Amino acid sequence: MITMPAMGNVTNIDTTSKEERRLPCVKCTGTTRHEALVQVKESDSSPDGDIQVWSSYEIVRCRGCDEISFRSNWQSSEDFEWDVAEQMEVASDHEQLYPPRLISRKPLADKYFVPVSVRGIYEETHGAICNGSKILAGIGLRAIVEAVCAQENASGNSLEQKIDSLVPQGILTRGAADILHGTRLLGNEAAHEVKPLTDTSLHAALDVVEHLLTSTYILPHRAQPLPRRVPRPVAGAPPAPAGASPVSVPAVGASGPATGGTTP
């Protein structure tokens, strides 16, 4: 352990403690054990010593998948909460993780099949949700719907009309379009009324958007190994010419394969 004075602070650098804590993992589902590979701890106080602040910065590794990430935390002598397990007051944690993440809310596994113009907005929106930026996340969810409509050449002068135009194209069912309008309206509240969304509505809207991306772009790629359906002849229709190939289901989404990215 190395101790250094830094402008009135006391800084400790520890590479041997291997302290463990439970954190949400970037890759694993749920919370897992993480060990601190390196810890930097600082303490500071007001000139009269009445107020004290303790900060820690850690490089941590998941004990399940070995993923490396970063954790910072600070505590103050002015900020305490009741610990039910210990039956005593303890200093409140103010924890931040990088990359940001939420428990059981990983990005889409096959997001690289999503077109680049849509995928970029999705990744930024997912990051905003993980960071707790609820207004930006609401605007981002609406922007994802806008980007899908543009990618699929939806027609109309408003987002409402564009969503409805995806129904006759076969991209959305009528029921799916009605649900997607709910996401549009939530995005309107965030953008025009500067109103943060609740956690429940935010995650419901993200579920809807991820289902849209999965059904439109990801599932067609996953379905490539499946056998193709051969349409049955319609009664009264002329026979198909000799040697004609049966009509097959397209192997990619309605807009074609994603470009500008690589498949992991």
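All of (1) on the phi < 0 side of the Ramachandran plot; (2) at pLDDT 90 or above hold for GLY156 with one exception: (1).
Restricting to segment 177-217, and then to whatever is assigned to a helix (DSSP H, G or I) and among the acidic types (Asp, Glu), can you tell me which residue is farthest from ILE129 (Cα to Cα)?
ASP178
Scanning segment 159-176 for residues that are among the aliphatic types (A, V, I, L, M) and either modelled with pLDDT under 90 or surrounded by fewer than 18 Cβ atoms within 10 Å (Cβ to Cβ) (or both) turns up VAL167, ILE171, LEU172, ALA176. Taking segment 18-45 as the range and being among the hydrophobic types (A, V, I, L, M, F, W, C) and under 16 Å from SER72 (Cα atoms) as the test, the residues that pass are LEU23, CYS25, VAL26, ALA36, LEU37, VAL38, VAL40. Remark: pairs (first residue in segment 143-163, assigned by TED's automatic domain parsing to the domain that holds GLU189; second residue among the polar types (S, T, N, Q) and in a loop (DSSP other than H, G, I, E, B); Cβ separation under 7 Å; 6+ apart in sequence or on different chains) = GLN151/SER255; GLU152/GLN169; GLU152/SER255; LYS162/SER155. For segment 30-72, filtered to residues that are of a type in the set (Val, Ile, Thr) and within 27 Å of the chain's Cα centre (by Cα), the residue that is surrounded by the fewest Cβ atoms within 10 Å (Cβ to Cβ) is ILE68. Of everything in segment 141-163 that is of a type in the set (Asp, Glu) and more than 22 Å from the chain's Cα centre (by Cα), the residue that is farthest from HIS181 (Cα to Cα) is GLU152. Say whether the condition of being assigned to a strand (DSSP E or B), closer than 29 Å to ILE144 by Cα, in contact (Cβ under 8 Å) with a residue 40 or more places away in the chain and among the polar types (S, T, N, Q) is met by at least one residue in segment 94-106. Within segment 94-106 (the criterion being assigned to a strand (DSSP E or B), closer than 29 Å to ILE144 by Cα, in contact (Cβ under 8 Å) with a residue 40 or more places away in the chain and among the polar types (S, T, N, Q)), the answer is no, since none of the residues qualifies. Being among the polar types (S, T, N, Q) and in contact with a strand residue (DSSP E or B) (Cβ under 9 Å, 6 or more places away or on another chain) holds for only one residue in SER155, SER92, and it is SER92. I'd like to check something: does segment 125-132 contain any residue that is in contact with a Gly (Cβ under 9 Å, 6 or more places away or on another chain), under 23 Å from THR32 (Cβ atoms) and either modelled with pLDDT of 90 or more or aliphatic (A, V, I, L, M) (or both)? For segment 125-132, residues in contact with a Gly (Cβ under 9 Å, 6 or more places away or on another chain), under 23 Å from THR32 (Cβ atoms) and either modelled with pLDDT of 90 or more or aliphatic (A, V, I, L, M) (or both): present. Residues of segment 85-105 that are on the phi > 0 side of the Ramachandran plot and over 31 Å from the mean Cα position of the chain (by Cα): GLN87 alone.
Scoring SER55 on the criteria (1) closer than 15 Å to PRO99 by Cα; (2) touching a Lys or Arg at 6+ places or on another chain (Cβ under 9 Å); (3) not in a loop (DSSP other than H, G, I, E, B) leaves a single failure, condition (1). Remark: VAL40 matches the filter, which requires a residue to be of a type outside the set (Gly, Ala, Ser) and over 30 Å from ASP110 (Cβ atoms).
Would you confirm, using the coordinates I've provided, whether TRP82 is surrounded by 16 or more Cβ atoms within 10 Å (Cβ to Cβ), more than 13 Å from the chain's Cα centre (by Cα) and not assigned by TED's automatic domain parsing to the domain that holds LEU202? No; evaluated as a whole, the condition is false for this residue. Looking at segment 39-49, which of the residues that are free of Cβ contacts under 8 Å to residues at least 24 places away in the same chain and either of a type outside the set (Ser, Thr, Tyr) or not in a strand (DSSP E or B) (or both) is nearest to LYS27 (Cα to Cα)? Here the answer is SER46.
The values are calculated or read from the model by the stated rules, or taken from the named source; none is laboratory data. Keep in mind that this is a model prediction, so the values were computed, not measured. We place every Cβ from the backbone using ideal geometry, glycine too, and count neighbours over all the protein chains shown.
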